[in-house]
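A.B. asks: Handing you a structure now.
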Amino acid sequence: MDTKYLTRGALIAGLYVIITYALSPVSFGPLQFRASEALTVLPILYPEAIPALFIGVLLSNIMGGLGLVDIIGGSLVTLLAAYGTYYFRESFLAYLSPIVLNGFLISIYLHLLFEIPYWITVVQISVSEAVVVLLLGYPLVQVLKRRHADRHKDL
């Protein structure tokens, strides 16, 4: 691990926490719009985003008020989704990893905590995740790819 890897990872984790808390009224619960989830596509470009996202979600969910199930469950689902995003990084499936895994797995405990039918929770979480990942995360990756290409073009 080098300094750049650790620094970028810390920035990703920190940004995740800051964005989540800046928008905390809509970042938690069964009907959420967690804009920080746009960062879940960063493993496409940066492998260090995998542990960074895990840490960012862990720290965010500690203060989220849903308890240990969300702290552990949400963090582990994010870790799994981040690995999936990295594994499929050469394919559009990378963008589907956080959408599908959050939609189906986070909904398991959210529907129990909030006493909302599972499939309604799946739809709510999946749609919210899709909007954030595709409308914010996808453009973010495209901008970072262009920026990276522009930097190395002159070398």
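The values are calculated or read from the model by the stated rules, or taken from the named source; none is laboratory data. From a predicted model like this one, the values you see are computed outputs, not experimental measurements. Note: ideal-geometry Cβ built from the backbone for every residue, glycine included; neighbour counts use all protein chains shown.
A.B. asks: Is it the case that Gln142 is farther than 25 Å from Leu11 by Cα, of a type outside the set (A, V, I, L, M, F, W, C) and part of a helix (DSSP H, G or I)?
C.D. replies: no
A.B. asks: Only one of these is at pLDDT below 95 and not β-branched (Val, Ile, Thr): Ala149, Ala49, Ala82, Ala94. Name it.
C.D. replies: Ala149 is the lone residue from the list that is at pLDDT below 95 and not β-branched (Val, Ile, Thr).
A.B. asks: Output the residue which, of all residues in region 82-91 that are touching a helix residue (DSSP H, G or I) at 6+ places or on another chain (Cβ under 9 Å) and free of Cβ contacts under 8 Å to residues at least 12 places away in the same chain, is farthest from Leu66 (Cα to Cα).
C.D. replies: Per the stated criteria, the residue is Glu90.
A.B. asks: State which residue is surrounded by the most Cβ atoms within 10 Å (Cβ to Cβ) when the search covers only region 116-155 and only residues that are among the charged types (D, E, K, R) and over 12 Å from the mean Cα position of the chain (by Cα).
C.D. replies: Out of the qualifying residues, it is Lys145.
A.B. asks: For region 49-68, give me each residue that is over 14 Å from Ile12 (Cα atoms) and touching a Leu at 6+ places or on another chain (Cβ under 7 Å).
C.D. replies: Hit for region 49-68 is Leu66, nothing else.
A.B. asks: Filter region 98-115 down to the residues that are touching a residue at least 40 places away in the same chain (Cβ under 8 Å) and under 12 Å from the mean Cα position of the chain (by Cα), then identify the one that is farthest from Pro30 (Cα to Cα).
C.D. replies: For region 98-115, the residue satisfying everything is Pro98.
A.B. asks: Further, regarding this structure: I'd like the full set of residues that are crowded, with 18+ Cβ neighbours inside 10 Å and at pLDDT 95 or above, limited to region 9-34.
C.D. replies: Selection gives Gly9, Ile12, Ala13, Tyr16, Val17, Ile19, Thr20.
A.B. asks: Do you know which residues across region 51-79 are among the β-branched types (Val, Ile, Thr) and touching a residue at least 24 places away in the same chain (Cβ under 8 Å)?
C.D. replies: Matches in region 51-79: Ile55, Val57, Val69, Val77, Thr78.
A.B. asks: Could you check, for region 56-66, whether at least one of its residues is within 11 Å of the chain's Cα centre (by Cα) and assigned to a helix (DSSP H, G or I)?
C.D. replies: yes
A.B. asks: Let me ask something else. Looking at region 38-51, is at least one residue more than 13 Å from the chain's Cα centre (by Cα), aliphatic (A, V, I, L, M) and more than 22 Å from Ile108 (Cβ to Cβ)?
C.D. replies: Yes; the residues of region 38-51 include at least one that is more than 13 Å from the chain's Cα centre (by Cα), aliphatic (A, V, I, L, M) and more than 22 Å from Ile108 (Cβ to Cβ).
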